[in-house]
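One structure is given below, encoded as structure tokens.
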Amino acid sequence: MVTLLKRASPATTPDRYENRLLAVLFLAFGFVFFDRQALAFLAPYMDDDFGLSNSQLGFLSGVLALTWALAGMFAGSLSDRIGRRKPILIGAVLLFSLFSSASGLMSGFLGLLAARALMGTAEGAVLPMSQSLMVEASRESRRGLNMGLLQGSSAGLLGGIVAPVVVVWMADSFGWRTAFFVTIIPGLIVTALIAKFVLERPPRAARAEPEAPVEKTPVKDVLRLRNVVICMLIAPCYLTWFVTLITFTPKYLTDEKGWGSGTMSAVMTCLGVAWVLWGFATPGISDRIGRRKALIGFTLLAVCCPIAVVYVDSPLLLGTLMILTYTGLGCFTLFMATIPAETVPRAALGVIMGVGEPAGGFLGPLVAGRASDIWGLDAAMFIAAGGAALVVLLSFGLRETAPAVLRRRQAVTS
């Protein structure tokens, strides 16, 4: 502890370290989504070399989601056993950068599939390690803000805004393989930043008194809770909406609407703007009106997003509607973290994420891809809309958990 305190003073006092850690982990998880989204933006360029069918594109997206989920659960268990997070995080960031770059070397579908599977295996460890490090370093008053920036805004900014612009420009200028190759550069930079600036045990935790152990709720008891069961059902439906929409929209805009790569990139950037905007606004509004109402209302808007892709032919109007209706990413924190955490201790969170990625992130794009090969890419958009519509119906069964709303109810009835 003495050594850690010396390293933390004076340049790394708890508050300064918290901000520095947030900046490093913001970049780390943001580049995870930058790499994850790159395939969707490059798919139109790869047709000449690979001739990817919609089913194959869905499979490439789905296998990454599957290995991501499995790796995330394994990384958490490994971290608990060895009592270390920083080495796992460094290894994960370095490996996903290498595997993403390896995609540019592949000459066939199976090689590309293997590279994407390995990439998901590395990326799955980044979020749980980052979350645990960030929570431990955060002031209580900043935990929600820090987690929103780390998990939501970083992915939206780098994966949703920067990625379509940079990746499409690289593909236009130097070819799609080069666009994959350059992804190793930010990965190496972030790896070096983690190695230099991230502490295994942050100053705030090192100075704090040891906490009493938290009694964990057995999984069998967690699965009896109504909110947890509903959130488990919501997770694959919402993952189907998200992964299907983000995977097939670039190809829909270029193949079905005949738009150029620049127009496609600009429209896709609007999704990133909405991702950053609603990632903050939705949870904040839910604090006031309630989690249940917010989830229902914002998901109704999310249903409209893939429908707009099909029926709106003006790039400007479609981009505007995407900003207004791509609200689902703000809902992810509600059903994956906030509602379960307000219902039961942390045991529920891993269960919900573990169900969502394999069922929605893996199977969703597979089904959408196959349906698109049979009936056209419209099918993928309607499947995405259907996933969000199911979330609306399921959300009516939730019990409210927002503290402010519950206090108001109690005041009215007392």
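Couple of notes before you dig in:
- Cβ-Cβ contacts under 8 Å between residues 6 or more apart (or on different chains), taken from a first residue in region 322-339 that is closer than 13 Å to ALA281 by Cα to a second residue that is of a type in the set (D, E, K, R) and part of a helix (DSSP H, G or I), are listed as LEU334/ARG291.
- Some residue of region 20-39 being in a helix (DSSP H, G or I), more than 30 Å from LYS196 (Cβ to Cβ) and under 17 Å from the mean Cα position of the chain (by Cα): yes
- Filter result for VAL32 (assigned by TED's automatic domain parsing to the domain that holds MET119, closer than 28 Å to PRO250 by Cα and at pLDDT 80 or above): yes
- Screening SER154, SER132 for residues that are within 26 Å of ALA75 (Cα to Cα), in contact with a Leu (Cβ under 9 Å, 6 or more places away or on another chain) and part of a helix (DSSP H, G or I) leaves exactly one candidate, SER154.
- All positions within region 160-187 that are at pLDDT 80 or above, among the small types (Gly, Ala, Ser) and surrounded by 18 or more Cβ atoms within 10 Å (Cβ to Cβ): ALA163, ALA171, ALA179, GLY187
- Selection within region 244-275 - closer than 16 Å to GLY328 by Cβ and either in contact with a strand residue (DSSP E or B) (Cβ under 9 Å, 6 or more places away or on another chain) or crowded, with 22+ Cβ neighbours inside 10 Å (or both): THR244, LEU245, ILE246, THR247, PHE248, THR249, MET268, CYS270, LEU271, GLY272, ALA274, TRP275
- Selection status of LEU317, out of contact with any strand residue (DSSP E or B) (no Cβ under 9 Å at 6 or more places or on another chain) and under 29 Å from GLU400 (Cα atoms): no
- Selection from region 189-228 of residues that are under 26 Å from ALA341 (Cα atoms) and modelled with pLDDT of 70 or more: GLU200, ARG201, PRO202, PRO203, LEU223, ARG224, LEU225, ARG226, ASN227, VAL228
- ALA102 surrounded by fewer than 21 Cβ atoms within 10 Å (Cβ to Cβ) and more than 30 Å from GLN56 (Cβ to Cβ): no
- In region 70-87, the residues that are under 19 Å from the mean Cα position of the chain (by Cα) and among the aliphatic types (A, V, I, L, M): LEU70, ALA71, MET73, ALA75
- All of LEU64, LEU22, LEU57, LEU42 fail the test of being buried (at least 20 other Cβ atoms within 10 Å of the Cβ), in contact with a helix residue (DSSP H, G or I) (Cβ under 6 Å, 6 or more places away or on another chain) and more than 24 Å from TRP241 (Cα to Cα), apart from LEU22.
- Residue match in region 285-299 (condition: part of a helix (DSSP H, G or I), over 18 Å from LEU398 (Cβ atoms) and either modelled with pLDDT of 90 or more or outside the structural domain of SER154 (by TED's automatic domain parsing) (or both)): no
- Residue within region 171-178 that is over 24 Å from THR247 (Cα atoms), in contact (Cβ under 8 Å) with a residue 40 or more places away in the chain and aliphatic (A, V, I, L, M) present: no
- Residue within region 268-277 that is within 19 Å of LEU390 (Cβ to Cβ) and in contact with a Gly (Cβ under 8 Å, 6 or more places away or on another chain) present: no
- For the residues LEU393, LEU317, the requirement of being of a type outside the set (Lys, Arg), over 20 Å from ASP255 (Cα atoms), in a helix (DSSP H, G or I) and without any contact (Cβ under 8 Å) to a residue 12 or more places away in the chain singles out LEU393.
The values are calculated or read from the model by the stated rules, or taken from the named source; none is laboratory data. The structure displayed is predicted, hence computed values, not measured ones. As a convention, Cβ positions derive from the backbone with ideal geometry for all residues, glycine included, and neighbour counts pool all protein chains shown.
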